[in-house]
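What follows is one structure encoded as structure tokens, with my remarks underneath.
The values are calculated or read from the model by the stated rules, or taken from the named source; none is laboratory data. As the structure is a prediction and not an experimental result, all values here were calculated from the model. Note: ideal-geometry Cβ built from the backbone for every residue, glycine included; neighbour counts use all protein chains shown. These accessible areas exclude ligands, DNA and RNA; they are computed on the full protein's heavy atoms, side chains included. Shrake-Rupley method; radii C 1.70, N 1.55, O 1.52, S 1.80 Å.
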Amino acid sequence: RTSWRPMSVAICGLMALATVSFALASLVHLGLTLPLGFLTLDDPFAGAAIPEAVIAVVLGISTAMIVLGQAKRWATALGATVFAILLTAYGLSVTLASSRTGDITYHIFVLALLLVIMVFLLLPAGRRSLTRP
């Protein structure tokens with residue numbers, strides 16, 4: 001089982017946040033409009049919907065492995081995070097050539113979030129929190 005130390009809680013929580021973020025971004029790119037008070041997210045761009053959904057699924061599976069205390073949870077979390085970083089960096093490189101400031105801002109935010117997760121995973125305390133029973 002996962003030992004719920006502050007570091008494992010932080011890693012799991014941030015991975016869950018990233019998972020939800022990618023899932024919502026995928027839905028918005030599929031055409032869903034999300035009213036958020038004074039701001040409305042409306043950005044149909046089908047080309048990004050599938051990659052974001054795939055990232056959400058990969059991160060979601062890894063987050064579930066942490067919650068369920070699976071044996072390879074640290075390695076899976078690290079692999080999923082690296083996968084998400086690479087695809088997000090590619091997505092950022094594509095959006096930088098456009099005038100889609102919302103997409104650029106989102107990619108920078110989620111890339112920073114993923115980098116924080118990776119740093120936590122690579123810290124000795126992060127690795128210990130997900131490799132010890």
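Key figures for this structure:
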read-out	value
Fraction in percent of alpha-carbon pairs per bin - 10 Å, the stretch 69-126	23, 44, 22, 10, 1
From phi via Karplus (6.51, -1.76, 1.60), per-residue ³J(HN,Hα) for the stretch 86-94 in Hz, x at Gly/Pro	4, 5, 5, 4, 5, x, 5, 4, 6
Cα shape, the stretch 1-68, gyration tensor, a/c 1.5 rule	oblate
Potential lengthening between I50 and A125 on full extension [0.36 nm per residue; Cα-Cα distance subtracted]	23.6 nm
Residues with amide H under 5 Å from that of L41, placed H, sequence gap 5 or more	L34, L36
The chain - percent of accessible surface contributed by carbon and sulfur, probe 1.4 Å	75
Sites F38 and L92, calculated FRET efficiency, Cβ-Cβ separation with R0 30 Å, nearest 0.05	0.70
Gain on full stretching of the segment that runs from L115 to R100 - 0.36 nm per residue minus C-alpha separation	3.1 nm
Under 20 Å from the V57 label point (7 Å along Cα→beta-carbon), backbone N, the stretch 8-38	15-32
Relative contact order [Cα under 8 Å, 6+ residues apart], the chain, whole percent	33
By average C-beta atoms within 10 angstrom, highest first, the peptides 33-42, 114-123, 19-28	19-28, 114-123, 33-42
HN-Hα J in Hz across the stretch 48-55 - Karplus 6.51, -1.76, 1.60, θ = phi - 60°, x for Gly and Pro	9, 4, 5, x, 5, 5, 5, 4
Compactness relative to 2.2 N^0.38 Å, alpha carbon Rg of the stretch 39-106	1.32
Rounded FRET efficiency, nearest 0.05, which uses the C-beta distance separating L17 from A75 and R0 of 22 Å	0.55
Note, ³J(HN,Hα) from phi for the stretch 5-12, Karplus 6.51, -1.76, 1.60, rounded to Hz, x at Gly and Pro	8, x, 5, 5, 5, 4, 4, 4
Nearest 10 degrees, 0 to 90: helix 101-122 Cα axis against the chain principal axis	10
log₁₀ of I(q)/I(0) at q = 0.09, 0.10, 0.12, 0.15 Å⁻¹ - the chain, Debye sum with one point per alpha carbon	-0.27, -0.33, -0.47, -0.69
Probe 1.4 Å, accessible area per residue of the chain, Å²	54
